[in-house]
Structure formats: C-alpha cells, structure tokens
Amino acid sequence: DDGRADLSREDRDFLGGYINPAYLTDESMGEIQTRFEEESSIKLRHFLVDELNARITKSCKKMDDRDRVGRDRPSLDYKVGTDENWKAVGPAHKQRFLEYEATVGNDKPVGGKASADDGDDDAGGHLHGLRTTLFRSAAFGRWLGRVSSLGYPL
C-alpha cells in the first residue's frame, strides 16, 4: 500500500456522472497526483462528461446571444449579463466577471441520468447544481484528496 486512498465502486459510479471517465482510472489519478506534486497546480482538459459540458456550453451561448455579446461582439456596458442571480464582480478596467448567486428554486440537478431532460437555458442553475451535488460530495472530496495527495478536504 502506498498510502493513497482508493475510490470505492460507488464513488467512481457517482463521479462518472460528472467527471470524464479518463480522470477516474488509477493510472490517470496517479499521473495527475505526480504532476500536482511537481507543479503545485494542474489543468484538466475536458474535465466534465461531454453531455454535461455540452449543456453548460449551450446555456452560456444562449445567454450571450440574449445579451448580444460573444462572437467578436464586445459590450462596453458594465451591467451586461447581470440579472437577479448574476452579479458583476471586479473593477471593469482590470478584470470583470460574473458571479452566480442562487435563489431558492433555481438550481438544477446536474449529471447522471437524473438531469438528462433538464432545460438548457440556465447556465447558472447548472453551475450551482455542480457546486451543490458534485463539488460538495464526499466522493469528490476523496477524488480530490487522491489526485492532490493532500488528503480529504475538511
């Protein structure tokens, strides 16, 4: 035993509804851990399963089209993209981004088969669903501890 916690079959099944299966193999988790230990950071391309990534991307594009931004259509309006849930953060002259604040009833379940027929028009709901179902799960904590070698997050 090398001291690394293995993921259970249940962990892998749960995570497989969200995370690209390529990142759930023992070999890839070992490679990620090695790179993290050497570089103190990692970049994982195509991290989410394709279906979930496609839903979030489609939602974001719909919102950009609604706000008439993207595709080389910059907006000088600081409030573009904001609404009751999306708040502008950061000074416009340095770095401006939007932060999503969920309200009761607008979060969407994501990942797995439970969300296959969810609407695609609310990117924030999808992202909030990821935060509450995947990123706060014990299984994700164990995966993160495994690939970072930092142990289970508190």
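List of remarks:
- Cβ separations smaller than 9 Å between residues 6+ apart or across chains give the following pairs from segment 37-54 residues that are touching a residue at least 40 places away in the same chain (Cβ under 8 Å) to residues that are open to solvent by 100 Å² or more (accessible area, probe 1.4 Å): ILE42/ARG35.
- Evaluating LEU76 against the criteria (1) under 21 Å from HIS126 (Cα atoms); (2) open to solvent by 90 Å² or more (accessible area, probe 1.4 Å); (3) not hydroxyl-bearing (Ser, Thr, Tyr) leaves one unmet condition, (1).
- Looking only at residues of segment 33-88 that are among the small types (Gly, Ala, Ser) and within 19 Å of the chain's Cα centre (by Cα), we find that the one that is farthest from VAL147 (Cα to Cα) is SER59.
- Candidate set: segment 22-73, residues that are more than 21 Å from ASP122 (Cα to Cα) and among the aromatic types (Phe, Trp, Tyr); chosen: the one surrounded by the most Cβ atoms within 10 Å (Cβ to Cβ): TYR23
- Subset tally (residues that are part of a helix (DSSP H, G or I) and touching a Phe, Trp or Tyr at 6+ places or on another chain (Cβ under 9 Å)) for segment 13-39: 6
- Considering only residues in segment 3-21 that are among the charged types (D, E, K, R) and under 30 Å from ASP122 (Cα atoms), the one that is most open to solvent (accessible area, probe 1.4 Å) turns out to be GLU10.
- Consider segment 128-143 and keep the residues that are of a type outside the set (Phe, Trp, Tyr) and under 15 Å from LEU24 (Cβ atoms). The one that is most open to solvent (accessible area, probe 1.4 Å) is ARG142.
The values are calculated or read from the model by the stated rules, or taken from the named source; none is laboratory data. It should be emphasised that the depicted structure is a prediction, and the values quoted were computed from it without experimental measurement. Virtual Cβ from ideal backbone geometry, glycine too; neighbours counted across all protein chains shown. For accessibility, only protein heavy atoms count, side chains too; no ligands or nucleic acids. Shrake-Rupley method; radii C 1.70, N 1.55, O 1.52, S 1.80 Å.
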